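Participant: I am attaching a structure below and will ask some questions about it afterwards.
The values are calculated or read from the model by the stated rules, or taken from the named source; none is laboratory data. Everything numeric in this text was worked out from a predicted model, so none of it was measured. Heads up, the Cβs are rebuilt from the backbone with ideal geometry, glycines too, and the neighbour counts pull from every protein chain shown.
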Amino acid sequence: MAEVVFEIEPGKPLWEQPVPGHNRWHPDIPAAATVKPGSEFRVQCAEWTDYQITSSPNADEIRDVNLNRGHSLSGPIAVEGAEPGDILVVDILDIGTESDWGYTGIFAKGNGGGFLTDYFPDAHKAVWDLSGIYATSKQIPGVRFAGITHPGLIGCAPSHELLAEWNRREAPLVAQNADPPLALPPLEEDAVLGTLSGKEKDRVAKEACRTIPPREHGGNCDIKNISRGTRIYFPVYVNDALLSMGDLHFSQGDGEITFCGAIEMDGWMDLGVDLIKGGVEKYAMVNPIFNPGPVEPRYENHLVFQGICVENGTNYYLDATVAFRRAAMNAIEYLQRFGFTGEQAYLLLGAAPIEGRIGGIVDIPNCCCTISIPTAIFDQNILPT
C-alpha cells in the first residue's frame, strides 16, 4: 500500500481530525504534508459535508445540512520544487471507498437547490448499497449499475492575485441576492483553514473563496470519467503547488444535476505526482487538462432524450442550460411511465453513469442537448414498444 500522507478518522469533523483539512481556497493555508516529484502516496478523504449525512434514508438531513461546512478537503499537499508557471502532473493510480454505502440528495430550494429546483423544490434522499463496482438502492428499486469512482473536487491553491480576481468577478452575482444565490461570498463562519489560528485565521477566512464552483485551478469540476488511470495536468500558481482534493463519488451522471447528485462517499486515493517546469507558458494552459483513464462501465445500449432551448412557451437563443434542462425533464417524465416517481428519476439521473452531450450549438435559434441513459441498468424493458 502507498504511504498515507493525509489521514482521516471517519465520522469526525474537519477540526477534530489528526491533521485538519480545509473547506475554503486560499494560498496561505499551510501544507499538511510534503511529497517529492516522482513519488506515490495515499490521501484519505472525508465525505464532502463533513459527515453531516448518515446512512438513514430520512431526507431531513439533506434539508437541514449546513452547506457552510463544505467541501471537506484533504490537504494541502506540498510538492517539492513546484513553482508558479509549472504544470503539476497528477496520476490517479487507484480510488477506494471506506464504507459500504453512499447517498444521493436533492437539496431543498431554500438550501442550495439544484438544476431542476423549480420542478423539485423539496429535499429527497437515496441511500445506495455499494457492493464491488455496483450500486443499488431501496429508495429506487429495480435499478443496478456499475459506477465510475472519481474525485468530484481536486485542484491546486490559487495565488493571491487569482483569489482576488475570483472575488472581484463573482461579487456582482452575489450582489443580486437571488434565491437560490447565484454565487457565494467569502464566509468566516464554519471556515476550517488547516492549522491556522488566531488573527491569521481571521484574516484568511475573510478572503478565502468557497469551494462550490470549478475555477481556473480545477476545483469542483465533477467530471465523472476522471477515475483510475487518469492523468491530470494542473497549472501551478504558488510555490509547492499545494494540491487538495475531496468530494469522492462512487458514481455520477454528467452534470451532477441534483447538486448533491453523485453517490457521495468517503474513501481514499492513491496518487503519483511529477512536474513539467515552465509548462504553463509552453502549452498556453489556462485551465487544467485531463487525460481520462480506460476504466468505465461497458454499456452498449442507451435511450437518448433530446432537449432544445424552448421552455414554457419561450424560445431562448442557443441556450445550452435550458436545452439540457429540457432533456432532463423529458427523461424524467418518460421514466415516470415505468413506475418511477419524478424524484426517483431525478435522483437516478444524478447518480447513474448517464452521458450528457451538446448535440448542436450553432443552428439558430435552438441549441440541442441530449441525456443518454444505459438501458441495462433497469430490471425492466424501458424501450418504447
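Participant: For residues in segment 4-16 being crowded, with 18+ Cβ neighbours inside 10 Å and over 14 Å from residue 48 (Cα atoms), which is farthest from the chain's Cα centre (by Cα)?
Facilitator: Out of the qualifying residues, it is 5.
Participant: Among (1) more than 23 Å from the chain's Cα centre (by Cα); (2) assigned to a strand (DSSP E or B), which single condition is residue 1 missing?
Facilitator: So the condition that residue 1 fails would be (2).
Participant: Separate question: Residues in segment 60-72: is at least one among the β-branched types (Val, Ile, Thr) and out of contact with any Lys or Arg (no Cβ under 9 Å at 6 or more places or on another chain)?
Facilitator: Yes, some residue in segment 60-72 is among the β-branched types (Val, Ile, Thr) and out of contact with any Lys or Arg (no Cβ under 9 Å at 6 or more places or on another chain).
Participant: Among the listed residues 117, 149, identify the single one that is hydroxyl-bearing (Ser, Thr, Tyr), more than 30 Å from residue 273 (Cα to Cα) and within 20 Å of the chain's Cα centre (by Cα). Can you show your working first?
Facilitator: Numbers: 149 fails: more than 30 Å from residue 273 (Cα to Cα).
So the residue among 117, 149 that is hydroxyl-bearing (Ser, Thr, Tyr), more than 30 Å from residue 273 (Cα to Cα) and within 20 Å of the chain's Cα centre (by Cα) is 117.
Participant: For segment 254-270, how many residues meet the condition of being at pLDDT below 95 and either on the phi > 0 side of the Ramachandran plot or not assigned by TED's automatic domain parsing to the domain that holds residue 96 (or both)?
Facilitator: 1
Participant: Could you list, in sequence order, the residues of segment 185-227 that are under 13 Å from the mean Cα position of the chain (by Cα) and of a type in the set (A, V, I, L, M, F, W, C)?
Facilitator: 212, 221, 223, 226
Participant: Next question, about the same structure. Is it the case that some residue within segment 354-363 is buried (at least 22 other Cβ atoms within 10 Å of the Cβ) and closer than 23 Å to residue 263 by Cα?
Facilitator: At the first step, the residues of segment 354-363 found to be buried (at least 22 other Cβ atoms within 10 Å of the Cβ) are 354.
Adding the requirement that they be closer than 23 Å to residue 263 by Cα leaves 354.
Looking through segment 354-363, at least one residue is buried (at least 22 other Cβ atoms within 10 Å of the Cβ) and closer than 23 Å to residue 263 by Cα.
Participant: Scan the strands (runs of 3 or more DSSP E) fully inside segment 103-173 and keep the ones with 3 or more residues being out of contact with any helix residue (DSSP H, G or I) (no Cβ under 9 Å at 6 or more places or on another chain) and surrounded by 19 or more Cβ atoms within 10 Å (Cβ to Cβ). Steps first, answer last, please.
Facilitator: Values: elements: 124-131, 134-137, 150-156.
Where strands (runs of 3 or more DSSP E) fall fully within segment 103-173 and carry at least 3 residues being out of contact with any helix residue (DSSP H, G or I) (no Cβ under 9 Å at 6 or more places or on another chain) and surrounded by 19 or more Cβ atoms within 10 Å (Cβ to Cβ), they are 150-156.
Participant: A further question follows. Name the residues in segment 20-65 that are crowded, with 18+ Cβ neighbours inside 10 Å and among the basic types (Lys, Arg), would you?
Facilitator: 24, 42
Participant: From the list 348, 275, which one is closer than 24 Å to residue 250 by Cβ and touching a residue at least 24 places away in the same chain (Cβ under 8 Å)?
Facilitator: 348
Participant: Here is a follow-up. Taking the condition of being among the polar types (S, T, N, Q) and under 22 Å from the mean Cα position of the chain (by Cα), how many residues in segment 18-39 meet it?
Facilitator: So in segment 18-39, the residues among the polar types (S, T, N, Q) come out as 23, 34, 39.
Going one step further and asking which of them are under 22 Å from the mean Cα position of the chain (by Cα), we end up with 23.
Number of matching residues: 1.
Participant: Further, regarding this structure: Among the listed residues 315, 287, 291, 301, identify the single one that is at pLDDT 95 or above, surrounded by fewer than 18 Cβ atoms within 10 Å (Cβ to Cβ) and farther than 29 Å from residue 229 by Cβ. Break it down into steps so the answer makes sense when it comes.
Facilitator: Numbers: 287 fails: farther than 29 Å from residue 229 by Cβ; 291 fails: farther than 29 Å from residue 229 by Cβ; 301 fails: farther than 29 Å from residue 229 by Cβ.
On inspection, the qualifying residue turns out to be 315.
Participant: Right, something else. Of all the helices (runs of 4 or more DSSP H) wholly in segment 271-385, which have at least 1 residues that are in the same structural domain as residue 62 (by TED's automatic domain parsing)? Spell out how you get there, then give the answer.
Facilitator: Details: elements: 279-282, 320-335, 342-351.
Passing ranges, in order: 279-282.
Participant: State whether the residues of segment 221-242 include one that is more than 17 Å from residue 154 (Cα to Cα) and surrounded by fewer than 20 Cβ atoms within 10 Å (Cβ to Cβ). Steps first, answer last, please.
Facilitator: Here is the first cut: in segment 221-242, the ones more than 17 Å from residue 154 (Cα to Cα) are 239.
Going one step further and asking which of them are surrounded by fewer than 20 Cβ atoms within 10 Å (Cβ to Cβ), we end up with 239.
Within segment 221-242 (the criterion being more than 17 Å from residue 154 (Cα to Cα) and surrounded by fewer than 20 Cβ atoms within 10 Å (Cβ to Cβ)), the answer is yes, since at least one residue qualifies.
Participant: How about segment 206-239: which of its residues are outside any strand (DSSP E or B) and free of Cβ contacts under 8 Å to residues at least 60 places away in the same chain?
Facilitator: Taking segment 206-239 as the starting set, the residues that turn out to be outside any strand (DSSP E or B) are 206-208, 210-213, 216-217, 220-230, 236-239.
Those that are outside any strand (DSSP E or B) and free of Cβ contacts under 8 Å to residues at least 60 places away in the same chain: 206, 213.
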